[in-house]
Structures are given as structure tokens and as C-alpha cells.
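Remarks on the structure that follows.
The values are calculated or read from the model by the stated rules, or taken from the named source; none is laboratory data. Predicted, not measured: the structure shown is a model, and the values here were computed from it. Backbone-built Cβ (ideal geometry, glycine too); neighbour counts: all protein chains shown.
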Amino acid sequence: MPPFDRSRNVDESPQALGRFLLDEPMTSPDSTQDNTAFTREAPHSGAAQQYDTTLLRGESVQQRVAKVLASSTPLLEAAQPLLRALSEMPAHIGDVSQVHILKQSLKNEITLFSVVCDEADISWKKMAIVRYCLCTALDEAAHTMSWGMMAGWSQSNLLNHFEGDNDGGNKFFLLIGRLSMSPHEYADGLEVLLRILGLGFEGRYSIIEDGDRQLTKIRQGLLTLLQSTRDTIPPALSPHGLIAHQNRRRRGIFVPVRVSMLLCGFLIVATFIGCKYFLSVPESDLLKRMGALQRVVVTPPVAVPKLRLSILLKDEIAKRLVSVDETSNNSKVIFKGDSMFMVGSDNVRPEMIDVIKRVAQEVHRVKGAILIVGHTDSMPINKPGFPNNQVLSEKRAANVARYMEQAGIPTDKIRFEGKGETQPVSSNDDATGRSQNRRVEIFVNY
């Protein structure tokens, strides 16, 4: 096909920008030319027409021609081998000589495509358009591979060999725009171009900003355009299957209303009597079985023991010495540090020992496991035996655990640890906040 006219700026043409869809009005400066680039007669010479006529005697070529003639889309069927080659372009080729073999194979296949189209009586103009686009897509696919750049594919590409052109990336979309002006005439060619876009061809949109979005819009618009050219109403399943209705008036049987009512009443009464009989037959047997049933003795479920720490320690809670938080499966008891221990010591006050034992007995009753956590304020301490607050909190928790063990709780169900001043519940800036932070927490799970 002769090269396109390079005098116009294709970058500014509406078709090159993808503005050829149904929902985008197109104003092309070449609209008066009516696709003059593709109304020329086929040349008498050129690389595309210089094929060996002996190829026509090959069985495979004749088979391909037969498939093309039998297909509902002959042009798409003829382009199938090249479309498959485009989709299966190898990612790696180690030897440069193999690249030349691949290029020669593609040249032979493109030449064979021209032969098949000619034998199938496909319009030369449509064949040339599709061949131009296939060469462009194959060149782009090869050039994007590492082996294509190493072998210098772009210096002797397929488009230049067959069409004498190197501007396929722009003119591909010009072709779509021009063919879209007559979608019914070029529907088969647009089908092939849509598949080329679906196989990843980008052309000029690979280097412009937001090219992916514009390509998606072009593909969607082209698909909509092709769907509008197809028949949407399927033909009848059987054109001879519809039988003409004969306008014959059938003579109906007249039944008086009173007879119909008497018949319905008889059927209702007969149905009631029959159902009553069939239900009364097993009635006596069922009554005997019901009388023989013994009263089932239902054993009430054993109540799961619950902790009663909030009741057990109500006096201490009222005095605000402790606080209790109980749920269905666990309880939390908080002892105020100032009311439980001597100042700066891990010794439990005598009046609190009885409280600890009562808590231990209640936990032992429900067979629970306990975790004792000691906390302090942030005021530094440096007494003999207590180098820091961490040690003080651990020894206080250990002392409480010892009393719990003495009250009967197994050792394997008691754990204790100290947190020092790391988990305050109030500010350490005043005496009230520091007093709240000095505490011992007992967690009970059962």
C-alpha cells in the first residue's frame, strides 16, 4: 500500500487522538476526501504482490482458503495465524540468528496472508489495511522485547518491508478513525483491529500521558461501534414451525349453574366423609399410646457456681478499700496499696490478711485460676531489699500469692508478676493520683 501523505500533522488529527467513537462528533479536515487514502487501485508491483504463485498449489494454502471461504468473517479467519503469532511472541531468544529466522517466518506468513485473501476474493483495500496494522503490531511487539532491540529489528521492520512506511504507531489509529466512518462496509477489518488492540498494541499511546485510559476508551468505543453493526434479533428457529390458527368456533357443552353447584357440594361432602373416616381409624390406637406414656422426670440442670466477691467484700467495697468487677466468666479485684501494705514495704497489713483469705476461699470454691499483678507509683524508692519500684511490685504480688496458697488454692493455679510504675491508672503528679496507682490487682478466671 502506498505510504500515507506526511504533509499533514497526524499528531493533531482527531483520529490519531482516538476521537472517532460514536459518542464523539468528529470534524476531520479530510472529511471531503472520503477516505482517498484507501480508494486507490492496487499497485501492479511491490513487495506485497511479488509472491510465488506456486504457493497456490500447496495443500495447506488451499485448506486455509477453504476455511476462509467457509467462515462468516473471512478477513478475520485469514488473519488468525498472524494474530496468534502476535499473541505468542517469545519473551526470550538467545541467538540473534533465531531472530532473523523469526522475522523471515513472519514475512512468509504475511505474504501467505496476501495470497489467501486474493484467492478468497477479499477486497485488496481491506487486505492492505489489515496487513498494514498487523505489520505495525508485530513490529511493536518485537521491538519491546530485549532480543528485538539487540537484533536491530526496527532497522528492517516488517512495516517498512511490505508498506515502505515507519509511522504505523500513529496511522494505526488514523485507520480506525477512517474505517469507523463506514462501519458497515469495514466491519470485518475493524474486527481484526479490535483484536490487535486486545492483544496489547499501544502505538503512539505508549509514550503519551494517560495513554492507558485513552486506549481503553478506544477499545470500548470500537466494540460498541461493531455491536451496532451486527444483527441483534436472531432469526426464527424454524421458519416453517408456525401453524396458522384456523378460526373455527367450537361448540361448547352447556351445564346449568344449579347442576354445577350440586356437583361441587357432593364432591365436598364426599371428601369430608372420606377424610374423617381415614383419620378416625388410627385414632383409638393413638389414644392408647398417649395414655401409656409415662411422665418424664426432668432433672434440673446443675447450676454452675458463680463468684460472689462483690457480696463477700461489700463492707470493704463500702469503705473503698477494694473494688470488684465481675462478669460471667471472670472477676477482677483491686486492692488499694495504701490500705493493704505498710508504707514502702511488702508486708501485708494484719487487718487485710482475713480479706485475702476470704477471697481465696471463694476462688477455691469455684476452682478458679488467679493472676496477681502488683503496681506502684512513679516515685523512686531505694531502700534495702527494694532497689526500684519493679522489685517492690513483684514482692508485694508474691506476698499476696503466698497468702492465697496458704488458704488452699493449688500452686499451679496461682501466677503473680510486678509491673512497677509502667501501668498507671491516674496521674503521678499529685498525691491522690499516686495513691490510686499503688495497687494490687487479682484476676480470677473460672
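So that you can scan it fast, the table gives a plain yes or no per residue for (1) buried (at least 20 other Cβ atoms within 10 Å of the Cβ); (2) among the polar types (S, T, N, Q); (3) more than 21 Å from Arg308 (Cα to Cα):
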| position | (1), (2), (3) |
| --- | --- |
| Asn382 | no, yes, yes |
| Asn388 | no, yes, yes |
| Ala397 | yes, no, yes |
| Val400 | yes, no, no |
| Gly408 | no, no, no |
| Asn428 | no, yes, yes |
| Ser435 | no, yes, yes |
| Phe443 | no, no, no |
| Tyr446 | no, no, no |
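Can you name every residue in the stretch 83-103 that is outside any loop (DSSP other than H, G, I, E, B) and not β-branched (Val, Ile, Thr)?
Let us first name the residues in the stretch 83-103 that are outside any loop (DSSP other than H, G, I, E, B), namely 83-87, 96-103.
Within the stretch 83-103, Leu83, Arg84, Ala85, Leu86, Ser87, Ser97, Gln98, His100, Leu102, Lys103 meet the criteria.
Among the residues making up the stretch 135-159, those that are surrounded by fewer than 17 Cβ atoms within 10 Å (Cβ to Cβ) and over 40 Å from the mean Cα position of the chain (by Cα) are Gly152, Gln155, Ser156.
For the stretch 191-214, give me the residue count where each residue is of a type in the set (A, V, I, L, M) and under 29 Å from the mean Cα position of the chain (by Cα). I'd like the intermediate steps shown before the answer.
Restricting attention to the stretch 191-214, the residues satisfying the condition of being of a type in the set (A, V, I, L, M) are 192-194, 196-197, 199, 207-208.
Next, from what is left, pick out any that are under 29 Å from the mean Cα position of the chain (by Cα): 194, 196-197, 199.
Matching residues across the stretch 191-214 total 4.
Taking the stretch 164-176 as the range and being surrounded by 23 or more Cβ atoms within 10 Å (Cβ to Cβ) and either modelled with pLDDT under 90 or among the hydroxyl-bearing types (Ser, Thr, Tyr) (or both) as the test, only Gly168 passes.
Only residues that are free of Cβ contacts under 8 Å to residues at least 40 places away in the same chain and either closer than 22 Å to Ser114 by Cβ or not in a helix (DSSP H, G or I) (or both) were counted in the stretch 131-171, giving 9. The residues listed here are Leu197, Leu174; of these, the one that is touching a residue at least 40 places away in the same chain (Cβ under 8 Å) and either farther than 18 Å from Ser114 by Cβ or small (Gly, Ala, Ser) (or both) is Leu174. For Val297, the conditions (1) modelled with pLDDT under 70; (2) surrounded by 10 or more Cβ atoms within 10 Å (Cβ to Cβ) all hold with the exception of (2).
Does His364 qualify as being touching a strand residue (DSSP E or B) at 6+ places or on another chain (Cβ under 6 Å) and assigned by TED's automatic domain parsing to the domain that holds Thr422? No: the conditions fail for His364.
Check the stretch 328-342 and report whether any residue there is within 17 Å of Asn399 (Cβ to Cβ), surrounded by 15 or more Cβ atoms within 10 Å (Cβ to Cβ), free of Cβ contacts under 8 Å to residues at least 24 places away in the same chain and in the same structural domain as Asn388 (by TED's automatic domain parsing). Lay out the reasoning, then the answer.
First pass over the stretch 328-342, keeping only residues within 17 Å of Asn399 (Cβ to Cβ): 333-342.
Then keep just the ones that are surrounded by 15 or more Cβ atoms within 10 Å (Cβ to Cβ); that gives 333-341.
Now drop any that are not free of Cβ contacts under 8 Å to residues at least 24 places away in the same chain, which leaves 339.
Imposing the further condition that a residue be in the same structural domain as Asn388 (by TED's automatic domain parsing) reduces the set to 339.
Within the stretch 328-342 (the criterion being within 17 Å of Asn399 (Cβ to Cβ), surrounded by 15 or more Cβ atoms within 10 Å (Cβ to Cβ), free of Cβ contacts under 8 Å to residues at least 24 places away in the same chain and in the same structural domain as Asn388 (by TED's automatic domain parsing)), the answer is yes, since at least one residue qualifies.
Listed conditions (1) free of Cβ contacts under 8 Å to residues at least 24 places away in the same chain; (2) part of a loop (DSSP other than H, G, I, E, B) are all met by Asp412, apart from (2). Can you find even one residue in the stretch 227-240 that is surrounded by 13 or more Cβ atoms within 10 Å (Cβ to Cβ), modelled with pLDDT under 90 and either part of a helix (DSSP H, G or I) or acidic (Asp, Glu) (or both)? Scanning the stretch 227-240 turns up at least one residue that is surrounded by 13 or more Cβ atoms within 10 Å (Cβ to Cβ), modelled with pLDDT under 90 and either part of a helix (DSSP H, G or I) or acidic (Asp, Glu) (or both).
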